[in-house]
Amino acid sequence: MITKERALEILKENISNQNLRKHHYAVAAAMKGLAKELGGDPVKWEIVGILHDADYEKTKDQMDQHTIMLAEILKDEDIEEDIIRAIQSHAYELTGKEPKTKMEFALLSCDDLTGLIVATALVHPDKLSGVTVESVMKKFGSKSFAASADRDKIKRCEETLNISLGDFTNLVLKAMQNEAELLGL
């Protein structure tokens, strides 16, 4: 199976923008934390987070290829099919692969939530250490704040993972706070 170290190499080979890399690190931290809570494999889920948008710089002008190109990049790697499927299911609108497993639904919901948390941290004087579930939820209700964070995808955690939005936010926030230095927050 692919290692975390190899996943990070692939990320660095394909994503040069440091802020985009930090997004991957945030999602990886969230996925690892969620795996522990949901009975998943923390290493595998973290790898999914590291790789989930690793083709973004190559597909940003042809988004219909997002995650499809990544599957092609990963085809010669020692990578399990469920990792590729999880990555493709977070862009199910493009791939037609609807999320079905806990790992897939966790990625779908936490991807946009990490962006909302980062945006909340950037306007807080203490950055990530000062962010609370309450402050994230307040921003969650403001549709113009971090407008690209798809609130409907985030809220799917309640129906698909059986975790309240507040508890899900708390899990993702704590996982990110544990990696605040890596995230530059």
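Any chance the range 89-97 includes a residue that's in a helix (DSSP H, G or I), within 21 Å of residue 23 (Cβ to Cβ), open to solvent by 60 Å² or more (accessible area, probe 1.4 Å) and without any contact (Cβ under 8 Å) to a residue 60 or more places away in the chain? Walk me through it before giving the result.
Taking the range 89-97 as the starting set, the residues that turn out to be in a helix (DSSP H, G or I) are 89, 92-95.
Still in the running and within 21 Å of residue 23 (Cβ to Cβ): 89, 92-95.
Narrowing the set further to residues that are open to solvent by 60 Å² or more (accessible area, probe 1.4 Å) leaves 93-94.
Add one more test, that the residue is without any contact (Cβ under 8 Å) to a residue 60 or more places away in the chain, and what stays is 93-94.
Looking for residues that are in a helix (DSSP H, G or I), within 21 Å of residue 23 (Cβ to Cβ), open to solvent by 60 Å² or more (accessible area, probe 1.4 Å) and without any contact (Cβ under 8 Å) to a residue 60 or more places away in the chain, one finds at least one in the range 89-97, hence yes.
Counting just the residues of the range 32-82 that are among the acidic types (Asp, Glu) and over 19 Å from residue 3 (Cα atoms), which one comes out most open to solvent (accessible area, probe 1.4 Å)?
Filtering first and then ranking leaves 61.
Test of understanding: among 132, 160, 95, 67, which residue is more than 17 Å from residue 27 (Cα to Cα), of a type in the set (S, T, N, Q) and at pLDDT below 95?
Answer to the selection: 95.
Quick grid of which residues meet (1) surrounded by fewer than 20 Cβ atoms within 10 Å (Cβ to Cβ); (2) modelled with pLDDT of 95 or more; (3) at negative phi:
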{"residue": "114", "(1), (2), (3)": "no, yes, yes"}
{"residue": "118", "(1), (2), (3)": "no, yes, yes"}
{"residue": "127", "(1), (2), (3)": "yes, yes, no"}
{"residue": "152", "(1), (2), (3)": "yes, yes, yes"}
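This table checks each residue for (1) in contact with a His (Cβ under 7 Å, 6 or more places away or on another chain); (2) in contact (Cβ under 8 Å) with a residue 60 or more places away in the chain.
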| site | (1), (2) |
| --- | --- |
| 52 | yes, no |
| 57 | no, no |
| 75 | no, no |
| 78 | no, yes |
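Among helices (runs of 4 or more DSSP H) lying entirely in the range 102-185, which contain 2 or more residues that are in contact with an Asp or Glu (Cβ under 8 Å, 6 or more places away or on another chain)? Full working, then the answer.
Details: elements: 102-122, 133-140, 151-160, 165-177, 180-183.
Ranges flagged: 102-122, 151-160, 165-177.
Under 7 Å between Cβ atoms, at least 6 apart or on separate chains: pull out the pairs that start in the range 26-45 with a residue that is under 15 Å from residue 101 (Cα atoms) and end on any residue that is among the basic types (Lys, Arg) and crowded, with 22+ Cβ neighbours inside 10 Å.
42/32; 45/32
Exactly one of these conditions fails for residue 114: (1) over 18 Å from residue 183 (Cβ atoms); (2) in contact (Cβ under 8 Å) with a residue 40 or more places away in the chain; (3) polar (S, T, N, Q). Give me its number.
Condition not satisfied by residue 114: (1).
Only residues that are touching a Lys or Arg at 6+ places or on another chain (Cβ under 7 Å) and in a helix (DSSP H, G or I): list them for the range 15-48, please.
Matches in the range 15-48: 33, 38, 42, 43, 45, 46, 47.
The values are calculated or read from the model by the stated rules, or taken from the named source; none is laboratory data. Remember, it's a predicted structure, so these values are computed and weren't measured experimentally. Cβ sites come from the backbone with ideal geometry, for glycine too, and all protein chains shown count toward neighbours. We work out accessible area using only protein heavy atoms, side chains counted, and drop any ligands, DNA or RNA first. Shrake-Rupley method; radii C 1.70, N 1.55, O 1.52, S 1.80 Å.
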